[in-house]
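Undergrad: Pasting a structure below so you can have a look.
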Amino acid sequence: MSGAVSRFRGPFALAAGAALAVPLVLTNPARAEAEPYTVTPLKFTVRAGDRSCTVDADLYRPTGVDAAHPAPAVLATNGFGGSKSDGSTDTIGKAFAARGYVGLVYSGLGFGRSGCLITLDDPAVDGEAAAGLLDFLAGSRAADDGTEADYVTQDGAGDPRVGMIGGSYGGAVQLATAAVDRRVDALVPLITWNDLGYALAPNNTGARQGASSGTPGVFKWQWTNGFYLMGEGQTLLGASLDPSRFSDLTCLHFAPKACDTIRLLNSGRYPKAGTEAMLAYLRGVSPASYLGRVKAPTLLVQGQADTLFNLNEATATYRTLKAQGTTTKMIWQSWGHSGGQGPGELDLTEGNLETSYVGRRVLARFDRYLRKKNTGTGPAFAYHRSWRSGYGTADAVPALSRTMYLSGDGTLVDARSEVAWGSRRYSNRLVPTSHSESSLAGLTGLSDRAPYDTEGTYLGWTSAPLTAPLDVVGAPKATLRVVSPTTERVQHSGDASDKLVLFAKVYDVAPDGSRELVNRLAAPVRVPDVTRPFTVELPGTVHRYGAGHRLEFVIAASDTAYFGNRGVKPVTVTSAPEDTGLLELPVVPAG
């Protein structure tokens, strides 16, 4: 783990507040020498929501590109906490200018030297601001100093040919921009979200829209407060006298509703009161609410090692876009916000665009949609396999194909007839007794203790040793029935905090007994009704369980990365052949 983190730290350095900035270091020095470019700092005054905002940008213009010899453009902005010049975002401009594209990179609203508040990539604000920059690339407006761009390829009057690329916060803004401006021709959002309501307070049961459940989720306090502190710390990281960047003394740099969300989640009142309005706000500024307006061809790239925005988020976006007819493909790479750089992958510190699978897919996509070459853009779905070189591919995300049963003796068996009758019990304590991760450890390069569960506060079901490797690609699903009389008496009180909280996860148990929680992923669940069976969709994974290894399915009472149960709520799980829990796995042929 430490080796992977050290390689990953460069792109996601927490120092100086650049924690969630995604530095796409794609520069190829040889090409840059052959195709030099100029860089021009620019300011733009744009309308964004109810404010007038100054946007700080850099224009990368390849030598030889002019009105008689136009080129398509690439637009990009930073990840959360970064800026146009954080040693990351600027490399997008350099990389694509070196390859003959006009590059326009800018500091997102509220970051670097750009004005206005942080509005969580709200289409009506951040999307509209980006649309103002598209006007510049269209030649229909100038920068504040009068600079014009009359050398960008046009698909029609006022319609520049432009693609977008970027990660995390710089990924969601692409979808927000495409939702308000149809002029964007290609999107490449990396490691971003579908629904901030799910990302910050997930409930992995009862999904109704995208990844979102109808029941309030479980507060992911470490990640959420890390975001908040980085946003509020912008004063220290880049002092600005621009009054548009300040909200009030109790909420310096975020839009008021964003601060209201953080306060509610941390107040102890969540999910008692105000939750419905909070979730409506988070979903309203998230792709889940506006994907119907996104028509630009999209390549989604999501990280397998990502406990902030897991694979289920990208899958929800992918399925929505595909269902409405938007040209969409998806890649699951190894690295995300939680580390996980894999050998031979797009390495954002080395610039191996042409020699990495993901990099070649990005180049092919822009060749097809921006340069209009008859270039293949690859399979519909691809996933990184850590156990061998190269990517696996498929026409769709694999379906659930193997079912295992939760036996009353604590085993995980392959047939219902093998289920033994039994009743087992656990109870939570007033402090967390299970640990999946310290959320910011992967970003800071700090070590994290191994995942653990404390005896008496969880239940586990373990399979027999595997006789052959088992390759799981996708989101496992568990169907459970639990008994909790303490919860049953109060769960319909109207206060969602009276409902039972539990955490589902799958360990890989090696022959020596050591346990690996794959990518430290857990599925928080606020059970809608303990008198009825419920289904848990666990976070997606790509993992090989080796021959001789065992699977252990666990439900735990708590997790250190989340706020959990209020009060002590004992849980009993009873199994019998005719009525027991299931674990379903999306298994692909070993390869």
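Values in this text are rule-based calculations from the coordinates and carry no lab data. Here the structure is a predicted model, which is why all the values come from computation and not from measurement. Cβ coordinates were reconstructed from backbone atoms using ideal geometry, including for glycine residues, and neighbour counts include every protein chain displayed.
Undergrad: Quickly rank 359-368, 423-432, 325-334, 263-272 as a protection proxy: mean count of other C-beta atoms within 10 Å, highest first. Don't jump to the answer; show the numbers that get you there.
TA: On the way: 359-368: 19.1, 423-432: 15.4, 325-334: 20.9, 263-272: 17.2.
Highest to lowest by the protection proxy: 325-334, 359-368, 263-272, 423-432.
Undergrad: Structure shown: which of LYS272/LYS477; LYS329/LYS505; LYS43/LYS257; LYS84/LYS295; LYS329/LYS373 lie over 21 Å apart, alpha-carbon to alpha-carbon?
TA: Numbers: LYS272/LYS477 28 Å; LYS329/LYS505 28 Å; LYS43/LYS257 28 Å; LYS84/LYS295 27 Å; LYS329/LYS373 18 Å.
Violating the 21 Å Cα-Cα cut-off are LYS272/LYS477; LYS329/LYS505; LYS43/LYS257; LYS84/LYS295.
Undergrad: For the chain, just list the percent of Cα-Cα distances falling in each 20 Å bin from zero outward, please.
TA: 21, 53, 23, 3
Undergrad: ALA415 versus SER427, label points 7 Å from Cα toward the beta carbon: distance in nm?
TA: Using points 7 Å along Cα→Cβ, the separation is 3.9 nm.
Undergrad: Here is a follow-up. Per-residue HN-Hα couplings for the range 60-70, Karplus 6.51 cos²θ - 1.76 cosθ + 1.60 at θ = phi - 60°, whole Hz, x for Gly and Pro?
TA: Listing the rounded values in order: 9, 10, x, 4, x, 8, 8, 4, 7, 9, x Hz.
Undergrad: Residue by residue through the range 480-491, which ³J(HN,Hα) values in whole Hz follow from phi under the Karplus form 6.51 cos²θ - 1.76 cosθ + 1.60 (θ = phi - 60°), with glycine and proline marked x?
TA: 10, 9, 10, 10, 8, x, 4, 6, 4, 5, 10, 5
Undergrad: Mind ranking 37-44, 538-545 by how tightly packed they are, going by the mean number of other C-beta atoms within 10 angstrom, highest first?
TA: Details: 37-44: 16.6, 538-545: 23.1.
My ranking of the peptides, most packed first, is 538-545, 37-44.
Undergrad: Moving to a separate point now. Under 16 Å from a label point 7 Å along Cα→Cβ of THR535: give me every residue in the range 481-513 with its amide N that close.
TA: Residues passing the 16 Å test: 481.
Undergrad: Next question. Place a +1 charge on the Cβ of each Lys and Arg in the range 402-588 and a -1 charge on the Cβ of each Asp and Glu, then give the dipole magnitude about the Cα centre in debye, rounded to the nearest 20. Write down the numbers at each step before the final one.
TA: Working: 19 positive and 21 negative charges, 74 e Å.
Charge dipole, the range 402-588, about its Cα centre: 360 debye, nearest 20.
Undergrad: Next question. So who's got an amide H within less than 5 Å of the one on SER213, skipping anything under 5 residues away but keeping other chains? H placed 1.01 Å off N, in plane.
TA: ASN203, ARG208
Undergrad: If packing is taken as the mean number of other Cβ atoms within 10 Å per residue, what is the order of 339-345, 168-174, highest first?
TA: Values: 339-345: 19.4, 168-174: 28.9.
Output ranking for 339-345, 168-174: 168-174, 339-345.
Undergrad: Name the residue farthest towards the positive end of the dipole of the chain from the options GLN304, GLY513, ALA399, assuming +1 on Cβ of Lys and Arg, -1 on Cβ of Asp and Glu, about the Cα centre.
TA: The one lying farthest along the dipole's positive direction is ALA399.
Undergrad: Hey, got the dipole for the range 114-244? About the Cα centre, +1 on K and R Cβ, -1 on D and E Cβ, debye to the nearest 20?
TA: Numbers: 6 positive and 16 negative charges, 140 e Å.
The calculation lands at about 680 debye.
Undergrad: Sticking with this one: Using θ = phi - 60° and the Karplus form 6.51 cos²θ - 1.76 cosθ + 1.60, what ³J(HN,Hα) does each residue of the range 414-421 get, whole Hz, x for Gly and Pro?
TA: 8, 9, 4, 5, 8, 6, 8, 5
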